[in-house]
Amino acid sequence: MLFPLLFLAAAMPATIDDESKVPPYTLPDPLVDNAGQKVVDAKQWRESRRPEVLKLVEDNIFGRTPDTRERTKAAVSEVVETSTAALGGKATRTQLKVWPIGKSGPAFDLLLYTPNAAKGPAPVFLGLNFGGNHTTVEDPAVRLPSTWVSKQWAAIDGSNRATEKGRGGQASRWQAEALIARGYGLATVYCGDFEPDFPEGWKQGFRAALSPAGANTVWKDGDWACIGAWAWGLSRSLDALERFPAVDAKRVAVIGHSRLGKASLWAGAQDQRFAFVISNNSGCGGAALNKRIFGETVGVISGHYQGRGFPHWFTARFATFAEKEDQLPLDAHYLLALAAPRPLYVASASEDSWADPLGEFLGAVHADPVYQVLGEPGLGTKEYPSVSKSVGKTVGYHIRPGAHDILLEDWKNYADFADRVMPAK
């Protein structure tokens, strides 16, 4: 048993975590279109170049999300529980059951907190969580998910069903009370309600429900994958929030951490209703440059090396660029630029070398020209900031001390930025 593992370890290139060993790389220009013409104004970007950039991301990273507008006309939302005495009486808790393609299809549970002190509809941060809504707050009234959950949140009998042991286990990542105190609402959905995070999880999720062949679907290169399903779910969550009077749906920020940060970026790219797009430690396949070989690489994350990575997150073509990143016709700055001209925030952690903090910053730097051609200042700097210093104008960035996580310091920066870029009308 040792020999195959040793062989795989030898076959996979050593991880680079030393800046002096990063190979040289060249980035493509997001403002040069497929015909080789330079984009010089907002009209060119909107009508011609932006659709090309979106297609490049679809074809090479996340796959094409199907057009489900006809199916979602049958969406149904029901309030299953509400209380105006949540979080010490400072918030109203609302739990919604949402059937985004009608009651003949699957449903998801949306947890929403809105500030009781709000004078009108509140701006909201919306994001997916890893273990169930009950993990995001210390609130015994929050319902447990009925869908598959990973082992750290599951019953001890191995049934992959959520239990009380997970309640509040990720509350530090959500900071609900701090957001309510700042005048923001918080909405979250368990990512597994849209697609459980394992290779065959799609058979239990919306990709199967939306496919004519259901669980017998054979996915092809270019088809959407798990991150696409999560991004689709974020848009369906926004659909539900738009119908809820306590929410200012014109001021909804989409946020995600790690793999769910990739999903928030992809959701924000495809759905321009999101007013503000946030990536927290999204790394390779997210905000970090893929051609910059540092930390996690395309080969590792896409499952090119047997027993490693997450091939179910991406369309099949992404893995073909393992150890051939120079052949990628795009990079992370293309994905980030799809948020423009809306506000964008990218955040890193100083000890999170696997996600390549400098690569995340450089992704934001190289998205700047698109913001500028659209009349926005973008990041406005090429100087890597010191730890705990937030920089940027229309695009924000910070690197905080510590490991791969989302903490109060991150949320403070996001709320400060939102105060400036999502002001009340």
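The values are calculated or read from the model by the stated rules, or taken from the named source; none is laboratory data. Model, not experiment: these values are computed from the prediction. Reconstructed Cβ throughout: ideal geometry from the backbone, glycine too, with neighbour counts over all protein chains shown. Protein only, heavy atoms only, side chains kept; ligands, DNA and RNA dropped before computing areas. Shrake-Rupley method; radii C 1.70, N 1.55, O 1.52, S 1.80 Å.
Quick notes on this structure:
- Positions within the stretch 193-207 being of a type in the set (A, V, I, L, M, F, W, C), over 12 Å from Ser150 (Cα atoms) and part of a loop (DSSP other than H, G, I, E, B), in sequence order: Phe194
- Selected residue (only one of Asp221, Asp248, Asp197, Asp239 is within 21 Å of Lys73 (Cα to Cα) and open to solvent by 10 Å² or more (accessible area, probe 1.4 Å)): Asp239
- Residue within the stretch 76-99 that is part of a loop (DSSP other than H, G, I, E, B) and more than 21 Å from Asp368 (Cβ to Cβ) present: yes
- Yes/no for Asn290 being open to solvent by less than 30 Å² (accessible area, probe 1.4 Å) and under 16 Å from the mean Cα position of the chain (by Cα): no
- Candidates Gly286, Gly295, Gly303, Gly307: the one that is closer than 15 Å to Pro13 by Cα, in a loop (DSSP other than H, G, I, E, B) and touching a strand residue (DSSP E or B) at 6+ places or on another chain (Cβ under 8 Å) is Gly295.
- Residue list for the stretch 341-356, filter: in contact with a strand residue (DSSP E or B) (Cβ under 8 Å, 6 or more places away or on another chain) and either hydroxyl-bearing (Ser, Thr, Tyr) or open to solvent by 10 Å² or more (accessible area, probe 1.4 Å) (or both): Arg342, Pro343, Tyr345, Ser348, Ser350
- If only residues of the stretch 368-393 that are within 24 Å of Ser258 (Cβ to Cβ) and in contact with a Gly (Cβ under 7 Å, 6 or more places away or on another chain) are counted, the one that is least open to solvent (accessible area, probe 1.4 Å) is Leu379.
- Residue list for the stretch 36-64, filter: of a type in the set (A, V, I, L, M, F, W, C), touching a Ser or Thr at 6+ places or on another chain (Cβ under 9 Å) and over 28 Å from Cys226 (Cα atoms): Val39
- The helices (runs of 4 or more DSSP H) falling completely within the stretch 329-423 that include 3 or more residues that are under 17 Å from Leu289 (Cβ atoms) map to 332-337, 357-373.
- Considering the stretch 141-175, the residues that are open to solvent by less than 10 Å² (accessible area, probe 1.4 Å) and among the aliphatic types (A, V, I, L, M) include one that is modelled with the lowest pLDDT, namely Ala154.
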